[in-house]
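Here is the structure we will look at, set down as structure tokens.
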Amino acid sequence: MQLTKRLQAVADFVTPGSRVADVGCDHAYISIYLARNKISPSIIAMDINKGPLERAKSNIERYGCERVIETRLSDGLEKLKPGEADSIVVAGMGGPLMVKILSEGRESMLAARELILQPQSEIYKVRQFLKEQQFAITAENMVIDEGKYYFIMKAIRRDICSEPEAYDLCKKEHFHFGRLLLENRHPVLKSYLLWDLEICESILKALEDETSEKALERRQQVGERIELIRCGLEYYK
């Protein structure tokens, strides 16, 4: 089974031997990959919707993974008991929803060893939440899949992380773009920053002659974003 670049990047962050909870599993492709490649001995594939979960069950049976993967109809982490999973995977949803799911399932989250996350939007909110919950982001990756940029991160509880201070998010650009991506000068992040800068400059140009209060407010927001992007590009000099 071949995963998309995005899903492969998510699966690659799972520590071998971990019991996995795949939250919002959709078609269960990540779960099946982890089972077939003997990365995880036990997987709980969870989804809030019956339709996707039925498709997941069908795929699991088709690939002969029923003994390793269990499916559960669950709103986020609701049906996951604390201690059932070492690794919690949440991929393909907006940042605020991801934070909501982890917050509501906080007991199960804190009982896990690691979180593998791939938020689709407002990623800085996810990083802020992880810092508040005493998780250190120990690995990050970025991929371009079908023309879209994706951020993937692995976070470990600070109490079991060696040298957690090495992963502290200290600057504004760390929350928006990822400290490890910036410090390692990840090439996909650079491409993303240049793409984002071009969009922001186009917006500013379009607002050049606008004088309404709304336009002025938007110009200020875009100007602040440009300043943040330029801070990120400084790492590549």
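The values are calculated or read from the model by the stated rules, or taken from the named source; none is laboratory data. What you are looking at is a predicted structure, and each value in this text was computed from that prediction instead of being measured. Backbone-built Cβ (ideal geometry, glycine too); neighbour counts: all protein chains shown. These area figures cover heavy atoms from the full protein model, side chains too; ligands, DNA and RNA do not enter into them. Shrake-Rupley method; radii C 1.70, N 1.55, O 1.52, S 1.80 Å.
Below, the figures for the structure above:
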{"read-out": "Relative pair counts by distance (%), Cα atoms of segment 1-68, 5 Å bins", "value": "4, 19, 32, 28, 15, 3"}
{"read-out": "Spread of Cα-to-Cα distances over 5 Å intervals beginning at zero, given as percent, for the chain", "value": "1, 7, 13, 17, 17, 15, 11, 8, 6, 3, 2, 1, 0"}
{"read-out": "Ranking by accessible area, most exposed first, for Thr211, Thr4 with a 1.4 Å probe", "value": "Thr211, Thr4"}
{"read-out": "Nearest 10 degrees, 0 to 90: helix 187-206 Cα axis against the chain principal axis", "value": "50 degrees"}
{"read-out": "Net charge contributed by nearby residues that have their C-beta within less than 15 Å of Leu207 (K/R +1, D/E -1)", "value": "-2"}
{"read-out": "Segment 125-237: mean projected area of Cα convex hull, nm²", "value": "8.4 nm²"}
{"read-out": "Assigned charges on the beta-carbon of Lys, Arg, Asp, Glu; segment 117-237 dipole about Cα centre (debye)", "value": "300 debye"}
{"read-out": "222 nm mean residue ellipticity, helices alone, for the chain (DSSP H n ≥ 4; -39,500 (n - 2.57); rounded to 500)", "value": "-13500 deg cm²/dmol"}
{"read-out": "Rounded to the nearest 20 debye, dipole of segment 44-181 from Cβ charges on Lys, Arg, Asp, Glu", "value": "140 debye"}
{"read-out": "Nearest 10 degrees, 0 to 90: helix 50-62 Cα axis against the chain principal axis", "value": "60 degrees"}
{"read-out": "Two-site FRET efficiency, Arg36 against Arg219, from Cβ-Cβ distance with R₀ of 30 Å, rounded to 0.05", "value": "0.05"}
{"read-out": "Charge context of Arg19, other residues only, Cβ under 12 angstrom, K/R +1, D/E -1", "value": "-3"}
{"read-out": "Candidate lysines - alpha carbon under 16 Å from Lys131, same-chain residues fewer than 8 apart omitted", "value": "Lys100, Lys154, Lys171, Lys172"}
{"read-out": "Zone residues, segment 117-135, relative to Trp195, backbone N less than 18 Å from point 7 Å out along Cα-to-Cβ", "value": "118-124"}
{"read-out": "Packing-based ranking, highest mean first, of 68-79, 10-21 given that Cβ atoms within 10 Å are counted", "value": "10-21, 68-79"}
{"read-out": "Degrees separating the helix 123-132 axis from the principal Cα axis of the chain, which is the longest one", "value": "70 degrees"}
{"read-out": "Charge dipole of segment 31-97 about the Cα centre (unit charges at C-beta), most positive-ward option of Ser87, Ile43, Leu77", "value": "Ile43"}
{"read-out": "Net +/- balance of residues flanking Tyr124 in space, Cβ distance below 10 Å, scoring K and R +1, D and E -1", "value": "+1"}
{"read-out": "Label point distance in nm, Arg158-Ile144, each placed 7 Å from Cα along Cα→Cβ", "value": "3.6 nm"}
{"read-out": "Sorted peptide list for 24-35, 82-93, 220-231, criterion being average Cβ within 10 angstrom, highest first", "value": "24-35, 82-93, 220-231"}
{"read-out": "Distance between modelled label sites at Thr15 and Ser103, nm, 7 Å Cα→Cβ extension", "value": "2.7 nm"}
{"read-out": "Ala206-Glu227 FRET efficiency (beta carbon distance; Förster radius 22 Å; 0.05 resolution)", "value": "0.70"}
